[in-house]
1. So ASN352 ticks every box in (1) surrounded by 21 or more Cβ atoms within 10 Å (Cβ to Cβ); (2) away from the ligand (no atom under 15 Å from the Cβ); (3) modelled with pLDDT under 90 but one. Which box is left unticked?
2. Please give the strands (runs of 3 or more DSSP E) falling wholly within the stretch 404-466 in which 2 or more residues are closer than 30 Å to ARG20 by Cβ, open to solvent by less than 10 Å² (accessible area, probe 1.4 Å) and not assigned by TED's automatic domain parsing to the domain that holds TYR13.
3. Could you tell me whether any residue of the stretch 441-452 is within 31 Å of the chain's Cα centre (by Cα) and more than 15 Å from the ligand (Cβ to nearest atom)?
4. With respect to SER222, determine if the residue is of a type in the set (Gly, Ala, Ser) and touching a Phe, Trp or Tyr at 6+ places or on another chain (Cβ under 8 Å).
5. Quick check on the stretch 383-400: of everything there that is within 14 Å of the ligand (Cβ to nearest atom) and assigned to a loop (DSSP other than H, G, I, E, B), which residue is surrounded by the most Cβ atoms within 10 Å (Cβ to Cβ)?
6. Looking at the stretch 95-167, what strands (runs of 3 or more DSSP E) fall wholly within it and have at least 2 residues that are surrounded by fewer than 19 Cβ atoms within 10 Å (Cβ to Cβ)?
Amino acid sequence: MDTIAILDFGGQYCHLILRRILDFGVHAEVLPSNTRKEDLKKISGLKGIILSGSAASVYDNDSPKCDKEILNIGVPVLGICYGHQLIAYLENGEVKSGNAGEYGVTELRTIGQSGLLQGLSKTEKIWMNHKDIVTKLPQDYSVVAVTDKSPIAVFENQKKKQYGVQFHPEVTHTENGNRILENFIFNVCNAKKELMISNIIENISDEIRKKIGNRKAIIALSGGVDSSTTAILVSRIIGEKLTAVYVDTGLMRHKETEFMEQEFSKHNLNLKIINAADRFFSALKNITEPEEKRKIIGKLFIDIFDEIAQQEKAGVLIQGTIYSDRIESGITPNSSVIKSHHNVGGLPEKMNLEVYEPLRDLYKNEVRSIAKNLGLSENIINRHVFPGPGLAIRIIGEVTPEKAEIVRKAGYIIEEELRNANLYNKVWMAFAVLLPIKSVGIQGDARSYKYPIVVRIIESKDAMTANFSKIPYEILEKISTRITNEINEVNRVVYDISNKPPATMEWE
Ligand code: XMP
């Protein structure tokens, strides 16, 4: 297949570049930044190379660099942010520290001609996230576009087909970012669309067959679309040898266990339900630090799966981990850990079980397409994402059964009101967060002193970036009224109007 290689210098958005290209139907791979020229040349169908962003500066002694010779392989190269600066640096241009840096949405003004910006307006909204800037171009390169703070915001070397953009076309805040990437992939690299969902299912099924062989396996089934899709896919291949384990941690959504029983009775799946609420609440007693919560929950899950695996004589633990879970848990050497996703970060060094994650390279929309293809119900396919550590990371401070009940009820009210307004399927997720403070209110002519609930409703395409949803005020008002009327411990409701970045979706 035609392939685009993305060299990973550790920027948080490196994997979004991959996401965008896969969405175009073109095969792409993320490779370490120090991949050698010879190894890149061995990739059959290599059509282009993209150099990702990074938190580093090209002048730092230990900043990630690439083999300069990759610029001479003969395929087009696009540098993004740090990648843009790196091309200039490697080709003997000049990079300097910009005074205060440039962060957020800004205006790009095109001053030259370039195939990279074909079809775009003279001025475009783009998203910046950098301190250093390119101040002098290497020989044979020309400036294509500028911003107020970046005199060389886009450059090109037409002959060598090398391009640099100081901003991030892969982030949705850059309005026509996809058009720029498409120009590079299709017009400059001439790559073909060759990726199809049926091929993906076939490849993963082959891998499952080889990997599990004749062994018995258990799968951690949460009821979300990722683990449900994994469970159905694996059970189609190994049948009765798979046991699906659903652990009720006491930190799940409203009536979750009933939902699981009902949904999975439609499939030929060997489902085991474990009620472990007491174990989770006692392990979380007095714990307030978010990473500690995540690690404790991850470890407890693993202990439970270990116990069941022994009973079932299973040798493999299957998880529904997908690509975005791994990125934020820091799968690549140059990137920083944002959160330890429980199904990635909580695993002990030594385990009796082999962990296998068949969907580890897929993004949510691919998983949803596979789910559809396998005949999973709409209730599961379009279900909002729910984090592995559950309500524990939506209760700021210590987790108790009483607080779990409050945040569960509030979350249910939010979801129900969105469904009533036909908005549930239009947002990425919608939930409540309980804060460990109290404020004064007036209820029934008397003073009250109770918890506030944060309502968080988010729109996102890929979990990596997100915007808060501009929900009509009437709906927010209904949600607020219901929460304060129906939950005795709450007297105030606030709406979270933060985007990601700089916030994350969950509060912990
Ligand atoms: P953040 O808060 O990192 O969340 O912006 C991005 C998406 O990931 C979900 N999330 C998790 N999912 N295990 C999971 O399976 C986890 O530990 C975890 N933490 C966050 C979150 O709900 C959102 O959809």
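1. It is condition (1) that ASN352 fails.
2. 429-434, 446-459
3. The answer is yes, given that some residue of the stretch 441-452 is within 31 Å of the chain's Cα centre (by Cα) and more than 15 Å from the ligand (Cβ to nearest atom).
4. Against the criterion (of a type in the set (Gly, Ala, Ser) and touching a Phe, Trp or Tyr at 6+ places or on another chain (Cβ under 8 Å)), SER222 qualifies.
5. The qualifying residue surrounded by the most Cβ atoms within 10 Å (Cβ to Cβ) is PRO389.
6. Hits in the stretch 95-167: 123-136, 142-146.
The values are calculated or read from the model by the stated rules, or taken from the named source; none is laboratory data. These numbers come from a predicted model, not from an experiment. So basically every Cβ, Gly included, is an ideal-geometry build from the backbone, and we count neighbours across all protein chains shown. Heads up: the accessible areas ignore ligands, DNA and RNA and are worked out on the full protein's heavy atoms, side chains in. Shrake-Rupley method; radii C 1.70, N 1.55, O 1.52, S 1.80 Å.
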